[in-house]
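Worksheet: the structure to be examined is printed underneath.
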Amino acid sequence: MNMNRVIKSSLMSLTRRFINIHGGANRFRPIWTRQFSDNLEPEQWESPEGVVRRGTNYVPLSPISFLERSAKVYRDGTSIVYGSVKYTWKETHQRCVKLASALSQLGISRGDVVATLAPNIPAMHELHFAVPMAGAVLCTFNARHDSAMLSILLKHSEAKIIFVDYQFLGIARGALDLLTSTGTKLPSLVLVPESTDSLPLSFTSEAYEYEKFLATGRADFDIRRPKSEWDPISVNYTSGTTSRPKGVVYNHRGAYLNSLATVLLHEMRSMPVYLWTVPMFHCNGWCLIWGVAALGGTNICLRRVSPKGIFESIDLHKVTHMGGAPTVLNMIVNSPASDQKPLPHKVEVMTGGSPPPPQIIFKMEELGFTVSHLYGLTETYGPGTSCVWKPEWDCLPLDERSRLKARQGVQHLGLEEVDVKDPVTMNSIPADRKTVGEVMFRGNTVMSGYLKDPGATEEAFKGGWFRSGDLGVKHSDGYIELKDRSKDIIISGGENISSVEVETVLHGHPGVLEAAVVARPDNHWGQTPCAFVKLKEGFNVDAQEMIKFCRDHLPHYMAPRTVIFDDIPRTSTGKVQKFLLRERAKALGSLF
């Protein structure tokens, strides 16, 4: 039989099988059928006689295999440390299998969404394996969301169950109350207490307790492996860079490849000790929850990130690697001497978001850290590029080294290509450090698409590349450097803030006639929202009142820290000239 026909037939069969498996999960169907029909048409080629694809030589890639291997190779090695809690890789594997079984017994089936609202605790680590082992899709919500936003995302994701840390129980209950008022079917709730002896007094029999729930599972549960590498493994919501967060769908193949690429970015060897200062809910912890498992490493969990906790953890557990936004680095270098401890060895730190100032890099290196810079988006499974360091740069002056480190660099091994292109012609821009274009990605670690939003998916993939919306230049050595963000995104403490969302709230104040929001430099957070407001005639409102109004209607980190009352410059067509406002905000100086 003609091999081309065989491949076409197999793809069609695989597509039908996916749709049948996920019959009730219509939310994924447009994404996967479009991928098969439009982008995966096989090339014309003839196979040599005797070449076959069977279970003998082909298994769909999945991060599940990382845990299974570590349970054998590193079975007695420490997998998790959280205060007095400590597990081996053998124990972690057993717990994840039982948790997957418990999910199955609760009625969770292939394609169902299981959500979390929790900090960096062992349960979050276990759910990253247990949920896909049950054939389900993990959705890790940002722990900084309020009840209103959480209710919107729960409804959009159609989560069947949500695991909630005790610290966020009030927020979760507020979200469920809002859903009840709309008649939406509520997800089951599993509470993760600090300990089984610390259940809140308001805890009811209508919810489950994590350890008791896990104990209901069977140790001999038959893991539901992905039928295809394209099966969804997780949904990660963007941080609100538009007025409505989008659900970014990851697949098993992309998660597998990005996990391996990220540990290479971190220059990790076998059995690293990783300190969790990156939120596990953010891009599945940059895919490092799965990646550290691939190397049999030890995960040091921190509920709250503080300089004292970081130094104590490094000293006690001999941490080799950690990551975080520039805010975390700023906390470390500006921490009191009483919180600091001499490092037992060099600690590798990967930072993402806005580049850290040269002074921060210098001070981090004085303390014994080595800082590297990466760049990516939720749509690229987190890290997509890295400023790969070259030995010949070691002899350069500090300011020059810092400038080089601030660049976003080159694509990692999991991506096919990263380029800066003219968004209209799709031609690559010249590598002259001056011509500005849009950063675009192509490869296996680009998202499958936006959940329930085929229009947005098609727009993002227009021209055969993922359009990041970020503007940058190319250097002669091929390294890229961001120059601005489209849509006026504000990056504060590693979190993206939509100026549109903040402006919408400001316009809800009875005294506001016009409002525009831009980024203002901040020595601690990197950037904070700066609001320019024009009041209606007869209103007398001060900055503090306006800030309080925003905090009453937004998560606090999204509220402006600066409010300037003045006319707002516009073009002849009525568009706000935000570049002028950014210059004015910058002229105000950094916040301390």
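Here Ile568, Ile547 are screened, and the one residue that is at pLDDT 90 or above, surrounded by 17 or more Cβ atoms within 10 Å (Cβ to Cβ) and not aromatic (Phe, Trp, Tyr) is Ile547.
Any residue that is assigned to a loop (DSSP other than H, G, I, E, B) and at pLDDT 95 or above - is there at least one of those in the range 159-180?
Checking the range 159-180: at least one residue is assigned to a loop (DSSP other than H, G, I, E, B) and at pLDDT 95 or above.
The one condition from (1) in a helix (DSSP H, G or I); (2) within 23 Å of Val388 (Cβ to Cβ) that Ile314 does not meet is (2). Apart from one condition, Pro430 fits all of (1) crowded, with 19+ Cβ neighbours inside 10 Å; (2) at negative phi; the exception is (1).
Right, Ser338: assigned to a helix (DSSP H, G or I) and surrounded by fewer than 22 Cβ atoms within 10 Å (Cβ to Cβ) or not? If you could, list the steps in order and put the result at the bottom.
On the way: assigned to a helix (DSSP H, G or I): yes; surrounded by fewer than 22 Cβ atoms within 10 Å (Cβ to Cβ): yes.
So Ser338 fits the description; yes.
Scanning the range 461-479 for any residue that is surrounded by fewer than 23 Cβ atoms within 10 Å (Cβ to Cβ), under 27 Å from Ala148 (Cβ atoms) and of a type outside the set (A, V, I, L, M) turns up at least one such residue.
The values are calculated or read from the model by the stated rules, or taken from the named source; none is laboratory data. On a predicted model such as this, the values are computed, not experimentally measured, just so you know. A quick note on method: Cβ atoms are made from the backbone with ideal geometry, for glycine too, and the neighbour counts reach across all protein chains shown.
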